[in-house]
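Have a look at the structure below before the remarks.
The values are calculated or read from the model by the stated rules, or taken from the named source; none is laboratory data. A quick note: this is a predicted structure, and the numbers were derived from the prediction, not measured. Using ideal geometry, Cβ is built from the backbone for each residue, glycine included, and neighbour counts are taken over all protein chains shown. The protein model used for the area step is the full one, side chains on, heavy atoms only, and it has no ligands, DNA or RNA in it. Shrake-Rupley method; radii C 1.70, N 1.55, O 1.52, S 1.80 Å.
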Amino acid sequence: MKAFLLGVLTTLAVIALGTVLLVASLGSGATPARVPSPPPSGVRVPPPGDLATGETWLGSVRLQGAELVSRDGDLVDVDATGTGVRFGGGSLRASTLSLRATVPFDTVAAQVGGGTRLYAVSGDRVGVERPLTLLGRRLLVRATGTVTAQGGLLLLEPDTLDIGAPGPVDAALSEAARRLVTIRTAVPGVPDGMTLREVGVGGAGFAVRLDGRDVTIGR
């Protein structure tokens, strides 16, 4: 995703710069008024006075994508906005960067590993299934719980648990199974410096909102 964001934002910047130059070249000779695009907050971000040679700056950038596929994991319904964006030298820096997207259940399940399966139950509740081998017998642990954003991580703690074993269940086994289906993970593929603020549940995955300041995205 880091490479995707850098590539798309760079492309948008080049298009924007090219449009400005084209309009200037077709004009009557009068200097056109500079009308900056307002940032998402509606407050103009003043341009920096320390742009280095080869650097380009944009007051605000917005990109949307139905699907984003990266080595770190897939995202869908992506909507990102950045302000104070400057790029050059193979990296991009944004004074602020905000991202809304859906993280498919399969993406998080693959990150957790261990044969985990995630699915929507109802409201903000999520179902978890994960195999467990006990005394040579393979069991399937099933749980449901709610998901929250805690400490910048996506946290899913079960409040119902079914180990799938007949008869009474040992307390130690029950606790081990609960740990097995407790998920605490970062949102995959987002740049360093981005913090998870909100998370909800949709039919296809986790709806997340992240933001960050002074975010750097390298190639």
Legend entry - Pair ASP106, GLU55: separation of 7 Å Cα→Cβ label points (nm): 4.2
Legend entry - Relative compactness, the range 73-192, computed as alpha-carbon Rg over 2.2 N^0.38 Å: 1.36
Legend entry - Calculated P(r) tail over 20 Å for the range 123-219, as whole % of Cα pairs: 48
Inset, instruction - Can you pull a Stokes-Einstein diffusion coefficient for the range 43-91 at 37 °C (0.692 mPa s), Rh from Kirkwood over Cα pairs, as a whole number of µm²/s? - result: 255
Inset, instruction - Would you mind telling me the share, in percent, of accessible area of the range 125-219 contributed by carbon and sulfur at probe 1.4 angstrom? - result: 48
Inset, instruction - Find how much the distance from LEU134 to TYR119 grows on full extension, using 0.36 nm per residue of separation minus their present alpha carbon separation; answer in nm with one decimal. - result: 2.9 nm
